[in-house]
Amino acid sequence: MSENHREHIRVHLNCRVFIELAAAVGGEPADIAQCKTLDVSFGGLKVSLGRELTAGALLQIGVELPGLEDTLYLTGEVKWCRPNNDPETGWAAGFELLNSGDIDKWRDLLEHV
């Protein structure tokens with residue numbers, strides 16, 4: 001879906017996000033990218049991060065929403081990733097959220113934003 005034909009309204013909300021790029025294996029720690037949201041919606045989110053992601057990858061995402069004590073754990077598919085204008089992060093990526101993890105809680109919270 002192009003950015004000009006959104007299914008859900010986007011809300012500009014600054015949240016801290018953790019994306020698991022590779023799971024912990026054989027005692028080695030997981031590869032986690034820390035980033036921030038640029039906008040969020042009922043069905044997805046756009047993040048700014050320090051590395052490129054592969055379109056089509058299914059990744060585990062932890063989101064810390066302002067005012068919410070618990071981290072929400074979601075699964076998202078990378079729909080696109082491209083360079084951005086932020087020299088600290090360098091990349092922006094769009095995720096479509098899948099029906100798993102805390103998706104119902106995510107959607108409930110966004111209905112009240």
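Readers should treat all values here as calculations from the given coordinates under stated rules, not as data from a laboratory. All values derive from a computational prediction rather than experimental measurement. Positions of Cβ are generated from backbone atoms using ideal geometry, with glycine treated the same way; all protein chains shown enter the neighbour counts.
Side notes on the structure shown:
- Net lengthening on full extension, residue 52/residue 88 (0.36 nm per residue, minus Cα-Cα): 11.6 nm
- Each Lys and Arg contributes +1 and each Asp and Glu -1, all at the Cβ; summed about the Cα centre of segment 66-113, the dipole is approximately 240 debye.
- Each peptide in 26-33, 104-111 was scored by the mean count of other Cβ atoms within 10 Å over its residues; highest first, the order is 104-111, 26-33.
- Percent RCO, i.e. relative contact order, over the chain, from Cα pairs under 8 Å lying at least 6 residues apart: 23
- Theoretical ellipticity at 222 nm over the chain - DSSP helices of four or more residues, -39500 (n - 2.57) apiece, nearest 500: -2000 deg cm²/dmol
- Stokes-Einstein D for segment 16-110, Kirkwood Rh over Cα pairs, 25 °C, 0.890 mPa s (µm²/s): 181
- Modelled spin-label separation between residue 99 and residue 69, with each label point placed 7 Å from Cα along the Cα-to-Cβ direction: 3.1 nm.
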